[in-house]
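The next block holds one structure in the form of structure tokens; read it before the comments.
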Amino acid sequence: MIAKTQSLKHILRSQQFTVSFLESLFTRTDQLRTLFENGGRGTVKQLLSGRLMYYLFWESSTRTRFSFTTAARHMGMEVEGTENAGEFSSAVKGETLEDTIRVLSSYAPDVIVMRHKEMGAADRASKISSAPIINAGDGRGQHPTQALLDLYTIKRELGIIGHKKVVIGGDLRRGRTGRSVVYLLAKYPGIRFYFLSPESLRMEDDIKEYLREKHIPYEEHTTVKQSLQIADVVYWTRVQQEREEEGLLELTEREVMEFTLDKEQLSWLPKQTVLLHPLPRVREVSIQVDADPRACYFRQAENGMFVRMALLEWILAPVF
Ligand code: NCD
């Protein structure tokens, strides 16, 4: 049975959200967090009890998968899925994504969380599925729920999201988290972007066009110091070595050094700056940086579970 899909609450890309939705989601995230942390786990256990989540990951994941499945379980959901759909699903026999989603959604899950290596895969799934699809990353495309937790973290750390100078640094060409957070931040007033990357990893044109159309200022830089000195928010990302569709890409030793944050780079940052990173960090942020109060990335990852609780609730049993 294929239900009408238009009315389902698919989560596919950052552009789909409004600021008023985000503000409500973040308020609800805070409420759920308070219930969970102060009232005990049992206080949220009934909220989604009896609901079923499927998760299908064709690409590796730690935080996204665990925070989704754990958020679901804390709220009483049943969870079923695979973290290696490329090998442990019929994809290995040549089944199309469309057929897999058609069949799985006929078993009546309440939501399907999926990560795929192809850009646009979640969109394709949403056209077939009779359950809401959550895009947990589609190749070089987007990772909208990461962007939700990124903005929640900025709000929690700085009080407000708008009127900030935001440096997005690292692999901007192939990283989906940088793309998604830009689309989402672009909804807020007074944001000015500084795209900081090695020459070969510059931000793609689609994002720059989007910003130009909306008259949102951005600058592109390839040297680090100048941008870090004025940043309110730094969003740092790793080089996506696994995305080598266009042949092996070698950064120069100077570029690698330049794009590794260490004590020296920290000394360039203003006192109130928040340093975000979606994780996993490889070598682009030294572990020397972890103890600095401006380094938010582990708090950011923790926030992810609560934001995903609020998002699952909004999809399945909305209170706003
Ligand atoms: C990111 C991703 O998968 O895009 N990880 C995550 O979900 N936190 C970032 C990355 O892999 O670099």
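The single condition among (1) within 16 Å of the ligand (Cβ to nearest atom); (2) surrounded by 16 or more Cβ atoms within 10 Å (Cβ to Cβ); (3) under 25 Å from residue 117 (Cβ atoms) that residue 315 does not satisfy is (1). Give me the pairs, please: first residue somewhere in segment 256-281 and aromatic (Phe, Trp, Tyr), second residue anywhere and within 15 Å of the ligand (Cβ to nearest atom) and in a loop (DSSP other than H, G, I, E, B), beta-carbon distance under 6 Å, and either six or more positions apart or on two chains. That search, which allows pairs on different chains as well, returns 259/284. When segment 135-151 is examined, which residues are found to be more than 9 Å from the ligand (Cβ to nearest atom) and at positive phi? Correct list: 139 only.
A search for C-beta distances below 7 Å between a residue of segment 208-224 that is within 13 Å of residue 172 (Cα to Cα) and any residue that is among the basic types (Lys, Arg), counting only pairs 6+ apart in sequence or on different chains, returns 220/202.
Kindly check whether there is at least one residue in segment 272-280 that is over 22 Å from the mean Cα position of the chain (by Cα) and either away from the ligand (no atom under 14 Å from the Cβ) or at pLDDT 95 or above (or both). Scanning segment 272-280 turns up at least one residue that is over 22 Å from the mean Cα position of the chain (by Cα) and either away from the ligand (no atom under 14 Å from the Cβ) or at pLDDT 95 or above (or both). For segment 100-117, the tally of residues that are within 16 Å of the ligand (Cβ to nearest atom) and either more than 22 Å from the chain's Cα centre (by Cα) or modelled with pLDDT of 95 or more (or both) stands at 4.
Among the residues that make up segment 152-163, is at least one of them at pLDDT 95 or above, within 16 Å of the ligand (Cβ to nearest atom) and not β-branched (Val, Ile, Thr)? So far as segment 152-163 goes, yes, one or more of its residues are at pLDDT 95 or above, within 16 Å of the ligand (Cβ to nearest atom) and not β-branched (Val, Ile, Thr). Can we say residue 295 is over 18 Å from residue 134 (Cα atoms), within 16 Å of the ligand (Cβ to nearest atom), free of Cβ contacts under 8 Å to residues at least 40 places away in the same chain and more than 13 Å from the chain's Cα centre (by Cα)? The answer is yes for residue 295. Restricted to segment 62-99, and to residues there that are more than 26 Å from residue 28 (Cβ to Cβ), more than 16 Å from the ligand (Cβ to nearest atom) and assigned to a loop (DSSP other than H, G, I, E, B), the residue that is modelled with the highest pLDDT is 96.
The values are calculated or read from the model by the stated rules, or taken from the named source; none is laboratory data. In this text, all values refer to a predicted model and were calculated from it rather than measured experimentally. Neighbour counts are summed over all protein chains in view; Cβ atoms, including those assigned to glycine, are modelled from backbone coordinates with ideal geometry.
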